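Heads up: the structure comes next, in structure tokens.
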Amino acid sequence: MLSCLVLSAAVSIAEGAAAVESVIVHEWGVVRYDGGTVLATSSPGWSQYGSVCVDAPVIMFHGAPFTGDVTVCSTGRITSIYPEPDVTGGPMLGLDGAGLGSMARWEGLSVSPSSADDLPVDRNRASSLEFQWAMEGWRLPGSSTVLRARDSFSDSFLYYEVDLSGQGFPVPLESLRPEGTPREELAGEMLLFVRDEHGTVVLSHAGTDGVLAADEAIPVPTDGRMSGDAIETVSRWAGDRLTDEEIRSMWMTWEPYILYGDWQGDTLAVFPIPDPLVERISTIIVSPSGDAPVTISRFFLGLMPGWLSGPGD
């Protein structure tokens, strides 16, 4: 009987623990390389300290409501922080308190499920940011509302950028990998967008390392609609890290750049940043005031202009 009671108590505890809802954090962003100047030590003529910017990392919340702090740390320079952080630090920002890089912390946040359609937003706060035009598409139904009492901030995401130009960041492609790079730090697959002599961008299916597949290039829509083939591929890369709405929002943010952007050369490679490299971009620390567990899922794309398809090109 005693053993049964002990077992019953253990089952009750386990069920209670399983019933605790997690704080779920989703983040997406893009690592944008400056063609010809990125870290690629196995490719002669490439600079180790070229321009590498992590654009539009967007942090969204799901799951359990919580109050607490959210901190972002990076070995690079964190910029364009939305909303204004409560604390910043690190030599990269000219302040003390964040090791060798930079950090930003939002304090006293209240995060709870709500409808983004009814969200009161002070759009003037983001008016100076490069991606202010895209933020309306980031206010997605199903994501939690983020409130900060001290300044009445209210929105459905947090946002920042990272400049890694002084640090360098590896290109996770086979032909550009330094010798000894682990396989798990390579993308293994890419989409290659090609601009023809008339300026029209087409999407060519690419296998590993940018080698074009034998099938014909697929025209990318030029009327602002998503390419179904491209979004299907990106969704497969992202897996269950993001919701379908978040994947679509990410793609819509970057489709104009892919179709009409001033990227260098005639080709633009798009590939998933492997998980081990994502952790080199930045670290997210979510500190709820209670005991709710925190689950963080992150997905980043790499955009590299000027890539020539095929080994040895």
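Coordinate-derived values only; no laboratory data. These numbers were taken from a predicted model, which means no experiment stands behind them. Cβ placement follows ideal geometry from the backbone for every residue including glycine, while neighbour counts extend to all protein chains displayed.
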Quiz item: Taking 0.36 nm per residue of separation and subtracting the Cα-Cα distance, what length does fully extending Thr295 through Ser51 add?
Solution: 84.7 nm
Exercise. Determine the gain in length on full extension of the stretch Asp266-Val87; use 0.36 nm per residue of separation and subtract their C-alpha separation, reporting nm with one decimal.
Key: 60.2 nm
Exercise. Mind giving me the nanometre distance, one decimal, between the label points for Glu184 and Ile285, set 7 Å out from Cα along Cα→Cβ?
Key: 2.4
Quiz prompt | Label-point separation in nm, Glu130 to Asp240, each point 7 Å along Cα→Cβ | solution = 3.4
